[in-house]
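Structure first, commentary second.
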Amino acid sequence: MVVSKSIYFVDLKLDGEKSTVNHKLGEENLLKTNYPGLSDILESKTASGNFDRVYYGEENLDSVYVPIINQEGTASAFVGIDFSETMIAKNMKKQIDNNMKFLLVITLFSFFLLFFIVRFSVLKRIHKLKEYAKQVSEGNFHDKLPVRGHDELSEIYSVFNWMSESIAGHMEEMQIMNDAYYRYVPSKILLLLKKERIVDIKLGNETSAMLTVFSLQLADFDRTIRKKSAKKMIDAINQVLHVSVPVIVEKEGMIEGFQNAGFTALFDNNSEAALLGAITICQKLNHMVRIKQLEKNQAGIGIAYGAVTLGIVGQEKRLAPITVSQYRDTACWLQRIAEQYQAHILITQTAADNIPHFFDTYHTRTLGFLYNTYTGYTDRIYDVYDGDSREEIELKDMTKELFEKGVELYCIRNFEKARHEFIEVLKRFRKDKAAKEYLYLCDKYSRQENQKDIEIYFTKME
């Protein structure tokens, strides 16, 4: 049995007495005309599997149908549900809009979540790496980056730690090498030559400056040292240098070179620093004598002031600094003859004039005049005896006036009267070698007929 007609029985949405599709309740309808596709549903006795489009004016409806089966198993009625395509489209658009908003919120939330994860897990570690790189650039190689995990940043941290350790090792080696260089090439040489680095020094570099030259040597070193073994000889030299060199460094002097059991140093400030260094060294050596570390203070020190030329000589593979100056020669000569004149420190008047309040501050006595036979250079020489033993200081103080009177008479060639003064000195200070030397010269020259031709220098550099 095929159903061809139907009665409009119920409508879920009415507008007064009319349904939404302008059917009246109880109205008879032709199925094929008003409900296309329904016949197949009724014959199959199964609900619609697809939408059935129905056109009512400008409204498009999508319908689905469900057959109602009676007791005989025949489809005697059906239920139809219509959907407005316009409403469906609106609902779908609204749903899509809601989904898009939800998706946007989820996306933004995921982005910010990812940002904070990156910020605090990656960027923070990168910032830490940047800060550590800055510390390394400033010379701090002690701190290490914490390595956690096995990601790429952890590998970078490990490589950076290894790199900083390697740089620190090289820097330490370079510092050791620099310190070693400065043991042989004092940093003040760079200053005098106006160079910033050792590698900037070239063969032939030279400069001239007004400097104080300080020369120290132990008297009779060559003779006394032969009695010792090589080991004891080196130990004896280092024993003296151990107390002497730090004093020069403290007084801002520069060791120019070592010779035997002594050295030559240069001072670019006033001559007082050199004199104070000489006095301090002698006092330290006197202390070593008192505690029986030395048999005797044999130090002879010469101090002169004047123009000094500092130059770099040698060959490209082996360079060395040297100083050339008549004042260097004078200082070396004075230290050589110091012991001969019962002195430890001899200083030229040119250097003494460079020391404020020289005569009021230090124990001094005029020793006479020095003459350089090569240059014609002449200078008055003073014995500064602040570095002598207490007994010698007292004896020189006591005989100073007599001694200097004798020197004055000797310089004007009044050898008889000078002889008398030096005899009086020796009555009070029998070990005064300078007085004995002058007495010998007075006896020698007093017997000569033409005394005007006699040179009155107590010593000559030859």
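Figure the gain on full extension for Val249 and Ser446 (residue separation times 0.36 nm, minus the Cα-Cα span) and round it to one decimal in nm.
Taking Val249 through Ser446 to full extension adds about 66.1 nm, to one decimal.
Rank these residues by their accessible area, most exposed first, probe 1.4 Å: Leu192, Leu108, Leu334.
Most to least solvent-accessible, the answer reads Leu108, Leu192, Leu334.
In the stretch 317-462, with Lys and Arg counted as +1 and Asp and Glu as -1 at Cβ, which of these residues, Tyr440, Val425, Ile322, has the Cα nearest the positive end of the dipole, that is, farthest along it?
Positive-most Cα among the choices belongs to Ile322.
Please report Rg over Rh for the stretch 304-365, where both radii come from the alpha carbon positions and Rh follows the Kirkwood definition.
1.13
If you put +1 on each Lys and Arg Cβ and -1 on each Asp and Glu Cβ, how big is the dipole of the stretch 204-302 around its Cα centre, in Debye rounded to 20?
Here the stretch 204-302 has a charge dipole of around 820 debye.
Rounded to the nearest 20 debye, what is the charge dipole size of the stretch 245-315 about its Cα centre when +1 sits on each Lys and Arg Cβ and -1 on each Asp and Glu Cβ?
That gives the stretch 245-315 a dipole magnitude of about 400 debye.
At 0.36 nm per residue, and after removing the present C-alpha to C-alpha distance, how many nm does the segment from Asp268 to Leu104 gain when stretched out fully?
Computed gain between Asp268 and Leu104 is 51.1 nm.
Given a Förster distance of 25 Å, report the FRET efficiency between Asp453 and Glu401 from their Cβ-Cβ distance, rounded to the nearest 0.05.
Taking R0 as 25 Å, the efficiency between Asp453 and Glu401 is 0.25.
Size of the dipole of the stretch 376-462 about the Cα centre, Lys and Arg at +1 and Asp and Glu at -1 on the beta carbon, nothing else charged, in debye to 20?
So the magnitude is around 340 debye.
Run the quick spin-label model on Glu206 and Leu319: label points 7 Å from Cα toward the beta carbon, then report their separation in nm to one decimal.
1.5
Just the C-alpha atoms of the stretch 333-462: what Rg/Rh do they give, with Rh taken as the Kirkwood radius?
Here the Rg-to-Rh quotient is 0.96.
Can you give the FRET efficiency for Glu172 and Arg428, using 1/(1 + (r/R0)^6), R0 = 60 Å, r = Cβ-Cβ distance, to the nearest 0.05?
0.45
In whole Å, how far is the Cα centre of the stretch 431-454 from that of the stretch 295-374?
Between the Cα centres of the stretch 431-454 and the stretch 295-374 lies a distance of 25 Å.
The values are calculated or read from the model by the stated rules, or taken from the named source; none is laboratory data. Note that the structure is predicted; figures quoted are calculated from it, not measured. So basically every Cβ, Gly included, is an ideal-geometry build from the backbone, and we count neighbours across all protein chains shown. Ligands, DNA and RNA are excluded from the accessible area calculation, which covers all protein heavy atoms including side chains. Shrake-Rupley method; radii C 1.70, N 1.55, O 1.52, S 1.80 Å.
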